[in-house]
Amino acid sequence: MRLVVPGLAVLMSLVLLAGCGGGGGGGSSGGGGTTKYTGYQVSVVYSGNPTQMVDPGTLIAGDQLQMTITARDSTGSLVTLTSSGWKTNAPAGVASLTSDGLLIAVGSSNGTTYTVRGVSGGKTYEASIAVVAKQAIVTGLVRNTSNTAIEYATVQFYNASKVLVGETTTTRMGTFRASVPATTTRFTIDMSQADPTSAYYYLTFGYGTEEYIDGTTCLAPLPSPLSLTTANPLPSDIVPDLKTLGPPPPPTGCIG
């Protein structure tokens, strides 16, 4: 799957210009070798399973994870680069991190974010991390109609009273994982980071056979009831409506 997302050129330029600052990591194309890459970023995968990437801003207590530096090659495919010298300013009660990037999320950071830093190709990259308590785990994928993963989309979760109870951001693979209360019943997406100028996507998305609106006026249903013992994968991918395909269908599945 090619992971370059139309509409992210402006955002990726900001990440590159940020250098070592900011929660998404930074850097410039080229690295320390002869192969030219773009879009350098700190990424987090499950230890021993690099196919499962998670949002560093919503790590879950008990996680054993691997910090990585990722970039994109000339085809837009995601590559993992050699990295070392990992450090964090998180206290021991929140997370521990070895120099080779093995991170253990110990306990909730109670909304406080901390910094992790790693070195690749002679350059230092950093990201912000936060740890949340383990509750019901919801997983899913945000992609477009061409099966291209959409990164930086925010997935927001609500209870039956339409109170926001959790959120997370999609990874470079378009995947997301959130820890939410078992009473969570609905969700929506916010594309303002993935498509900051609304140049590529409407504020609507498909989920299953229904159409929904980005925002709290037309929320989509979660599997019910949510399990606290096993993960709760969404039965369908979330597919924002591309503007190049013409006007989107009217919303049909609103539950709030």
*Please work out which one of (1) modelled with pLDDT under 50; (2) surrounded by 16 or more Cβ atoms within 10 Å (Cβ to Cβ) is the condition residue 13 fails and give its number.*
(2)
*Residues located in the range 202-243, provided they are polar (S, T, N, Q), farther than 17 Å from residue 138 by Cβ and at pLDDT 95 or above*: 204, 209
*Considering (1) surrounded by fewer than 19 Cβ atoms within 10 Å (Cβ to Cβ); (2) assigned to a loop (DSSP other than H, G, I, E, B); (3) within 21 Å of the chain's Cα centre (by Cα), say which one residue 74 fails and leave the rest.*
(3)
*Name every residue in the range 231-243 that is of a type in the set (S, T, N, Q) and touching a residue at least 40 places away in the same chain (Cβ under 8 Å), in order of residue number.*
232
_Any residue that is at pLDDT below 95 and either of a type in the set (Val, Ile, Thr) or closer than 16 Å to residue 54 by Cα (or both) - is there at least one of those in the range 148-164?_
yes
*Would you pick out the residues in the range 171-198 that are assigned to a strand (DSSP E or B) and crowded, with 19+ Cβ neighbours inside 10 Å?*
175, 176, 177, 178, 179, 180, 184, 185, 186, 187, 188, 189
_Of everything in the range 144-170, what is within 24 Å of residue 244 (Cα to Cα) and crowded, with 20+ Cβ neighbours inside 10 Å? Give them in sequence order._
144, 149, 150, 151, 152, 153, 155, 170
*Evaluate the range 125-133: report whether one residue or more is buried (at least 18 other Cβ atoms within 10 Å of the Cβ), within 30 Å of residue 246 (Cβ to Cβ) and either in the same structural domain as residue 200 (by TED's automatic domain parsing) or of a type in the set (D, E, K, R) (or both).*
no
*What residue, among those in the range 199-225 that are loosely packed, with under 15 Cβ neighbours inside 10 Å and more than 20 Å from the chain's Cα centre (by Cα), is farthest from residue 250 (Cα to Cα)?*
225
*asked:* Given the criteria assigned to a strand (DSSP E or B), in contact (Cβ under 8 Å) with a residue 40 or more places away in the chain, crowded, with 18+ Cβ neighbours inside 10 Å and not basic (Lys, Arg), does residue 116 qualify?
replied: yes
*Which numbered condition residue 249 misses (of (1) assigned to a strand (DSSP E or B); (2) more than 30 Å from residue 38 (Cβ to Cβ))*: (1)
*Within the range 77-111, can you find the residues that are out of contact with any Phe, Trp or Tyr (no Cβ under 8 Å at 6 or more places or on another chain) and exposed (fewer than 13 other Cβ atoms within 10 Å of the Cβ)?*
77, 82, 84, 85, 92, 93, 110, 111
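The values are calculated or read from the model by the stated rules, or taken from the named source; none is laboratory data. Remember, it's a predicted structure, so these values are computed and weren't measured experimentally. A quick note on method: Cβ atoms are made from the backbone with ideal geometry, for glycine too, and the neighbour counts reach across all protein chains shown.
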